[in-house]
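So the structure is just underneath, and the comments pick up after that.
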Amino acid sequence: MSAVMAKAHKAAHKIKWRCFETREQMVDELAEACCEALMRGIRKRGTASWAVSGGSTPKPLFDAMSQAEIDWENIQVALVDERWVDLGHPRSNEAFMRAALQKGHAAEAMYIGMKTPHATPFEAVEAVNARYAQVKQPFDSVLLGLGSDGHTASFFPDAEGLDAALDINGDKTCVALRAKRSDVTGDEVDRMSISASAIAKAPHVVLMITGDEKKAVLERALAVDTHLPIAKLAEHVTITVYWAP
Ligand SMILES: O=C(O)[C@H](O)[C@@H](O)[C@H](O)[C@H](O)COP(=O)(O)O
């Protein structure tokens, strides 16, 4: 690749890498960065909001954050995205968030989930946006994850609703999607997600990933598979990647 092309490639996304030798080091640094972003929000406007993802990767970060002595009483913790299942379902992101984070000092925060009694997220989207209108916007910090299929938040490749979800000029905080069924989605193809435009307004957006496979997925998405949702989001949003083996 020529130097000019390499530069053009580089300019096409706004990803910053922070690579660590161990997961413990990564979690320490990321917890500090999230605390700083939330405290900055509190200093400026009295309250802060943190949008968090499900998945297995954030668990140690939630453990660390639950012990952080920050002003949790003035912090709202909301979901980045949700599978359209009830709180009692084993794959509920809200249940995971509450079990992993709503303890220790972080028990004092206010927690906001996405699921409503509506049959589908498309029917629920107005109600969920009304709920999220109570959450401080823009989010002071957004924690994203990455799937092996290149999805982040609930921006699944080829999902119904994906174009609206990725519209950087969109005016909705929350959007409904229906993913194509895959090994990654499992049965839960119906989704609610915060939108790319809501993520883009946040001053602190991080993507937490571990292991060589996820790193390779991200590198390939940014360089080759640029149609994948994570690459599309990174065209418009400055995202700091926290990676450890
Ligand atoms: O709603 C979901 O389907 C999950 O939350 C999902 O988006 C998850 O964040 C990624 O697939 C990464 O998952 P792991 O952290 O388990 O690898």
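The values are calculated or read from the model by the stated rules, or taken from the named source; none is laboratory data. For clarity, every value in this text was computed on a predicted model and none was experimentally measured. In this analysis, Cβ positions are derived from the backbone assuming ideal geometry, glycine residues included, and neighbour counts consider all displayed protein chains. Note: accessible area is taken over every heavy atom of the protein model, side chains too, but ligands, DNA and RNA are not part of it. Shrake-Rupley method; radii C 1.70, N 1.55, O 1.52, S 1.80 Å.
Details
- Picking from residues in region 73-108 that are within 16 Å of VAL142 (Cα to Cα) and among the hydrophobic types (A, V, I, L, M, F, W, C), the one that is farthest from the chain's Cα centre (by Cα) is ILE75.
- Filtered residue count, region 152-168, keeping only those that are near the ligand (Cβ under 8 Å from one of its atoms) and among the hydrophobic types (A, V, I, L, M, F, W, C): 1
- Scanning region 44-76 for residues that are among the hydroxyl-bearing types (Ser, Thr, Tyr) and either buried (at least 16 other Cβ atoms within 10 Å of the Cβ) or more than 16 Å from the ligand (Cβ to nearest atom) (or both) yields THR47, SER49, SER53, THR57, SER66.
- Single residue of MET110, MET97, MET114 found to be more than 20 Å from PHE156 (Cα to Cα) and open to solvent by less than 10 Å² (accessible area, probe 1.4 Å): MET97
- In the condition set (1) out of contact with any Asp or Glu (no Cβ under 8 Å at 6 or more places or on another chain); (2) within 14 Å of the ligand (Cβ to nearest atom); (3) open to solvent by less than 10 Å² (accessible area, probe 1.4 Å), GLU188 is compliant with all but (3).
- Here ASP149 qualifies as within 14 Å of the ligand (Cβ to nearest atom), touching a helix residue (DSSP H, G or I) at 6+ places or on another chain (Cβ under 9 Å), charged (D, E, K, R) and open to solvent by 10 Å² or more (accessible area, probe 1.4 Å).
- Of the strands (runs of 3 or more DSSP E) lying entirely inside region 46-110, those containing at least 2 residues that are at pLDDT 95 or above and acidic (Asp, Glu) span 81-83.
- Single condition LEU38 does not satisfy, out of (1) open to solvent by less than 70 Å² (accessible area, probe 1.4 Å); (2) assigned to a strand (DSSP E or B); (3) more than 16 Å from the ligand (Cβ to nearest atom): (2)
- Boolean, LEU79 is in contact (Cβ under 8 Å) with a residue 24 or more places away in the chain, touching a Gly at 6+ places or on another chain (Cβ under 7 Å) and open to solvent by less than 70 Å² (accessible area, probe 1.4 Å): yes
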